[in-house]
Amino acid sequence: MPVRPSGITNASFAPWIVALVFLALAAWLTFFSARPDLGPTVSAALIEQADIRPEPRRHVLGEPAAIPMGGYSLRCMECHRFFQSPPVERRILTQHTHIVLRHGQNTRCFNCHDRADRGKLIRYDGTRLGFDQVPRLCSECHGTVYRDWERGTHGKTLGSWDPASGKQRRLACHECHDPHAPAYPDYVPLPPPNTLRMGEQGSGHSAGIDSEHGQAESATLGGSGHDSPLMHRSSMPRGTKEPTE
Amino acid sequence: MTTPTSATTDVRIWDGPSADAPQPRRSFLRSAVAGAAGLAAFAAALSPLKDLDVMELADPQAFLQKHYKEMTPAEIEVALERIRNKVEARYGVRPDIRDLRPQAGVEFAYALNLSRCIGCRKCVYACVAENNQSRSPQIQYIRVVEMPRGTLDLERGNHHYDRPRVPDNDHYYMPVQCHQCANPPCVKVCPVEATWKEPDGVVVIDYDWCIGCRYCEAACPYWARRFNFAEPTLPKEELNPTMSYLSNRPRPRGVMEKCHFCLQRTREGRMPACLEACPTGSRKFGNLLDPTSEVSQILKTKRVFVLKEEVGTLPRFFYYFDERYPSAHDENVDDPRLPTSPAPEARP
């Protein structure tokens, strides 16, 4: 068997071709090969900035109270000086018709509003309060909640966490609750998570803890490694709807 | 059959060139194929480099940077300047990044009113907007778990609930985030001490020191730690430029992150972003050492519990309840003074 010589030195044109081939190969690998998948990516959930703005839930009347009407900001008595309310207490409203009164047993306008001076609120004992003293009015009936609010264990506080800083602002009752219908309305929830290791990717509307990941995570969350028979009770298979009554 | 001469020629073709008759074309092809294959392998081996972002390259300065606790103020300022330049190059905004230190005499605590939370998830997205989490893949620090009424068994909870309206009458809502434990298992398991507990109680992470082993994620019983599996993406216009070294500066791929009680806000006296966004006032934050603070009042006067008390983590995150008086909110109860109501029976 003859010994094979090193052949490349025999071809004077070889380096050019080799270089070209190599360059083309490198370029192809660099620019046209598939980028490795770094992980599932999803389009970011669109959140209205207004949804998460740190402001009170409601805009309230100040003291003295004034409402916009016909392009003017009118105080209560500027109309009610001329228009007295009829003496019948329970009736269909002809003015302020946007008000829906859903306040439990409290079904009379003049339980809270002063009949004589509409720019004021009135307590049961006849004390008149400005519109900036709403919590004192509400405390007549909601004593325990008022106690909690004064301590800071009920209600929302903005500003600083430090009471000594003087920058704390505890929102008044009517900055969160509608005084005419104090129960909170239902909210449209912001989108569910679509995060890595937090259930299935890419659906955006995952119906429950139904994937393998979800089970694993649920087990971790619950702190026990074994399969709980209760685990699936709250989860709904994809495509089914929660029973509603 | 071929002639003997041609047979000899055939044999010589298969044997390759002989010493006396070199065949440049054949040998060239052979070496070219071998060389091309070798280079192809080489180029393929190097091809991951094409995914290397310039921003990801560890500059020597960052590589030689010390652990946060070992840096002198001057060295921290150098690190902050490096981060400023990096963020400006990437997001086009020069951030206001500082190294905020804990205040003396302050231990933070968080309280959450389960009677009031309605599960609207505003806290989740306020947190994302404040803390520069990756939008895609999504990273969120807060999980709102929808729980069936009458149980505290988290295995029955669901954080993927997607109702048209909340709250649902048969469920209550329990947001879970980092509990900033006083006895944090995540800190114990970190092999490089990249995460630790600060004097004000907040468990922090030095993102430049984290090696991404995810031991802490496994150790956390509250599922509070998040890992950057991919390079975080964040629209330039959504970047929050108010940053702190240990909290919401942009994180690289391959490190852990988690809730830090909005250090960049709370160490300056402000409220956390999740609290400000809550429409119900369910979230309370304050100084545990101040008896007049809201959290102290809650611990003193409310029914409070911590999640998974039995694992001994001593969380700084408390859940509490309100007393409720359903009759006062009952729509059916009408004023007995109303003329439409039946007259009350006269007492004997």
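Here are a few things to note about the model shown:
- Test result for A:Leu29, part of a helix (DSSP H, G or I), at pLDDT 85 or above and farther than 28 Å from A:Leu171 by Cβ: no
- Residue match in the stretch B:51-65 (condition: surrounded by 11 or more Cβ atoms within 10 Å (Cβ to Cβ), at pLDDT 85 or above and closer than 30 Å to B:Pro250 by Cα): yes
- Residues that are of a type in the set (A, V, I, L, M) and within 11 Å of B:Tyr110 (Cα to Cα), drawn from the stretch B:280-305: B:Leu288, B:Val295, B:Ile298, B:Leu299
- Of everything in the stretch A:171-189 that is facing chain B (nearest Cβ under 7 Å) and not in a loop (DSSP other than H, G, I, E, B), the residue that is least open to solvent (accessible area, probe 1.4 Å) is A:Cys176.
- Applying the set (1) open to solvent by less than 60 Å² (accessible area, probe 1.4 Å); (2) within 7 Å of chain B (Cβ to nearest Cβ); (3) farther than 30 Å from B:Glu268 by Cβ; (4) assigned to a loop (DSSP other than H, G, I, E, B) to A:Gln105 leaves exactly one unmet item: (1).
- Selection within the stretch A:142-170: residues that are assigned to a loop (DSSP other than H, G, I, E, B) and over 21 Å from B:Phe321 (Cβ atoms). The member of this set that is farthest from the other protein chains (Cβ to nearest Cβ) is A:Gly166.
- Single residue of B:Pro184, B:Pro221, B:Pro148 found to be under 30 Å from B:Gly105 (Cβ atoms), open to solvent by less than 40 Å² (accessible area, probe 1.4 Å) and within 12 Å of chain A (Cβ to nearest Cβ): B:Pro221
- Residue list for the stretch B:104-130, filter: open to solvent by 20 Å² or more (accessible area, probe 1.4 Å) and either part of a helix (DSSP H, G or I) or under 18 Å from B:Met147 (Cα atoms) (or both): B:Ser115, B:Arg116, B:Cys117, B:Lys122, B:Ala129, B:Glu130
- Condition check for B:Tyr319: crowded, with 18+ Cβ neighbours inside 10 Å, closer than 25 Å to A:Pro163 by Cα and in contact (Cβ under 8 Å) with a residue 12 or more places away in the chain: yes
- Within the stretch A:70-81, residues that are of a type in the set (Gly, Ala, Ser) sit with their Cβ atoms under 7 Å from residues that are open to solvent by less than 40 Å² (accessible area, probe 1.4 Å), at 6+ positions apart or across chains, in these pairs: A:Ser73/A:Ala66.
- Criterion violated by B:Ser247 - all others in (1) surrounded by 22 or more Cβ atoms within 10 Å (Cβ to Cβ); (2) at pLDDT 95 or above satisfied: (2)
- Output for the stretch B:35-48, where each listed residue is more than 7 Å from chain A (Cβ to nearest Cβ) and within 13 Å of A:Ala19 (Cα to Cα): B:Ala37, B:Gly38
- Among all positions in the stretch B:231-243, there is no residue which is surrounded by 22 or more Cβ atoms within 10 Å (Cβ to Cβ) and part of a loop (DSSP other than H, G, I, E, B).
- Condition check for B:Gly212: surrounded by fewer than 18 Cβ atoms within 10 Å (Cβ to Cβ), under 25 Å from B:Ala194 (Cβ atoms), touching a Gly at 6+ places or on another chain (Cβ under 8 Å) and within 12 Å of chain A (Cβ to nearest Cβ): no
- Filter result (within 18 Å of B:Met147 (Cα to Cα) and facing another protein chain (nearest Cβ under 10 Å)) within the stretch B:295-310: B:Leu307, B:Lys308
- Among the residues of the stretch B:69-103, just one is assigned to a loop (DSSP other than H, G, I, E, B), open to solvent by 40 Å² or more (accessible area, probe 1.4 Å) and without any contact (Cβ under 8 Å) to a residue 12 or more places away in the chain, namely B:Thr72.
- Some residue of the stretch A:52-63 being surrounded by 13 or more Cβ atoms within 10 Å (Cβ to Cβ) and not in a loop (DSSP other than H, G, I, E, B): yes
The values are calculated or read from the model by the stated rules, or taken from the named source; none is laboratory data. Not measured: the values here are computed from a predicted model. Positions of Cβ are backbone-derived with ideal geometry, glycine not excepted, and every protein chain shown enters the neighbour counts. For accessibility, only protein heavy atoms count, side chains too; no ligands or nucleic acids. Shrake-Rupley method; radii C 1.70, N 1.55, O 1.52, S 1.80 Å.
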